[in-house]
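Take a look at the structure below.
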Amino acid sequence: MKIGILSFAHLHATSYADCLNALPHVTLAGIYDADEARGRKMAATYNTSYFAQVASLLDEGVDGVIICSENVYHRSMVDIVAERVKYILCEKPIATTVENAQAMIDTCKGHGAKLQIAFPVRFAPPIQSLKKMMDEGALGTVIAASCTNHGRMPGGWFVEKELSGGGAVIDHTVHVIDVLRWLWNTEVTEVYAEVGSSLLHPDLGIDDAGMLSFKLANGVYGTLDTSWSRPPNYPTWGDVKLELLGEKGIIKIDTYNQQLTMTSEKTGGTQKIGWGSNADMGLIKDFLEMIETDREPSVTGEDGLRALEVALAAYQSAQKKEVVVLSRGE
């Protein structure tokens with residue numbers, strides 16, 4: 001199976017490339033990147049070819065592509081690819097506007113392409129175990145969810161709104177909202193948010209802290225801290241944590257708490273070494289299975305759109321200082 005990667009702008013691209021190269025039946029057929037120096041460097045790193053044009057990479061006859069460009073270019077990438085490639089995995093958020101997200105979905109449907117959105121948290125074993133417990137009614141009626149998705153401030157284009165669409169709120173809201181929607185097959189109906197710009201990182205010029213309060217159509221109330229609150233020297237990138245309160249008890253999930261603490265003179269300090277499951281590998285294997293079996297995506301473009309709507313509603317709420325009702329969640 002031949003897979004191409006379009007851009008290494010997003011930090012997850014290297015992880016996806018590692019996953020592809022670790023699988024014996026898959027070939028990383030090539031890399032396109034508008035940044036030629038970065039593209040050539042990554043092509044050398046992953047022992048593949050660099051292409052200066054998307055079309056040239058597609059001419060290699062790839063079975064699927066992974067889009068890891070800056071958020072604002074997701075739509076234009078899909079416009080180019082959907083006509084020639086049937087299977088597309090697009091980094092989150094799906095787009096920077098609802099209009100572009102819907103256009104991507106429509107374009108893929110029009111060409112018979114299948115669009116999957118990169119929400120790897122769904123494929124983390126702790127979250128999959130939680131899904132099974134929720135399906136079995138382990139907590140009975142769930143009343144509330146307290147969630148976090150903290151991280152380091154990524155810098156680069158992530159803090160340029162014209163490329164990213166926003167800061168910490170759009171970057172981190174979509175992951176957790178997707179998980180909550182998936183757990184109960186329900187929608188967020190209303191959002192209230194407080195958003196801070198340059199609150200944790202002076203002169204950043206974009207939101208780096210956010211707190212969302214929201215309600216789901218099934219009656220669950222939730223909160224979500226989306227802040228870039230981890231300093232550069234923090235031993236891990238951040239977290240995805242969920243605490244669910246139900247009539248039968250409480251469940252706490254620390255999704256990525258699978259590390260050993262290692263202190264070494266060779267590395268010059270203390271760091272966390274992951275030993276457990278690889279959610280990105282779960283995502284990539286799921287994408288490849290979709291190609292092999294020609295089934296529908298397990299994480300659809302519509303899933304990406306719904307998560308984006310919540311993030312954008314949070315910005316709207318913070319600006320207006322009022323609750324925003326999402327009509328599609330009714």
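Bear in mind these aren't lab numbers, they're just calculated from the coordinates by the rules spelled out. As the structure is a computational prediction, the values presented were derived from the model and not from experiment. Don't worry about glycine lacking a Cβ; one is built from the backbone with ideal geometry, like all the others, and counts go over all protein chains shown.
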- Please state which one of V54, V72 is over 10 Å from L6 (Cβ atoms), in contact (Cβ under 8 Å) with a residue 12 or more places away in the chain and not acidic (D, E). V72
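Residues are listed down the side, and each one gets a yes or a no for (1) closer than 25 Å to G165 by Cβ; (2) among the aliphatic types (A, V, I, L, M); (3) surrounded by 15 or more Cβ atoms within 10 Å (Cβ to Cβ):
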{"position": "G196", "(1), (2), (3)": "yes, no, yes"}
{"position": "L199", "(1), (2), (3)": "yes, yes, yes"}
{"position": "L212", "(1), (2), (3)": "yes, yes, yes"}
{"position": "K215", "(1), (2), (3)": "yes, no, yes"}
{"position": "G219", "(1), (2), (3)": "no, no, no"}
{"position": "R230", "(1), (2), (3)": "yes, no, yes"}
{"position": "D239", "(1), (2), (3)": "yes, no, yes"}
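Hey, can you tell me all the residues within region 292-307 that are surrounded by 18 or more Cβ atoms within 10 Å (Cβ to Cβ) and either of a type in the set (K, R) or over 16 Å from L183 (Cα atoms) (or both)? I'd like the intermediate steps shown before the answer.
Quick first cut of region 292-307, residues surrounded by 18 or more Cβ atoms within 10 Å (Cβ to Cβ) only: 297, 299, 301, 303-307.
Listed by number, the residues that qualify are P297, G301, L305, R306.
Considering each residue of region 138-169, count those that are over 21 Å from N71 (Cα atoms) and either under 15 Å from the mean Cα position of the chain (by Cα) or surrounded by 21 or more Cβ atoms within 10 Å (Cβ to Cβ) (or both), and give that number. Don't jump to the end; show me each part of the working.
Just the residues of region 138-169 that are over 21 Å from N71 (Cα atoms), to begin with: 138-148.
Imposing the further condition that a residue be either under 15 Å from the mean Cα position of the chain (by Cα) or surrounded by 21 or more Cβ atoms within 10 Å (Cβ to Cβ) (or both) reduces the set to 142, 145, 147-148.
Number satisfying all stated conditions: 4.
Could you go through region 163-185 and let me know if any residue there is among the acidic types (D, E) and more than 20 Å from H10 (Cβ to Cβ).
No, there is no match, as no residue in region 163-185 is among the acidic types (D, E) and more than 20 Å from H10 (Cβ to Cβ).
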- Scanning region 120-137 residue by residue, those more than 17 Å from the chain's Cα centre (by Cα) and free of Cβ contacts under 8 Å to residues at least 12 places away in the same chain turn out to be S129, K132, D135, E136, G137
- Query: Somewhere in region 258-267, is a residue surrounded by fewer than 14 Cβ atoms within 10 Å (Cβ to Cβ) and either among the charged types (D, E, K, R) or closer than 16 Å to W182 by Cα (or both)?
  - Reply: yes
- The lone exception for D59 - which of (1) free of Cβ contacts under 8 Å to residues at least 12 places away in the same chain; (2) buried (at least 21 other Cβ atoms within 10 Å of the Cβ) it fails: (2)
- Selection within region 1-22 - under 12 Å from K285 (Cβ atoms) and either surrounded by fewer than 16 Cβ atoms within 10 Å (Cβ to Cβ) or among the small types (G, A, S) (or both): M1, A22
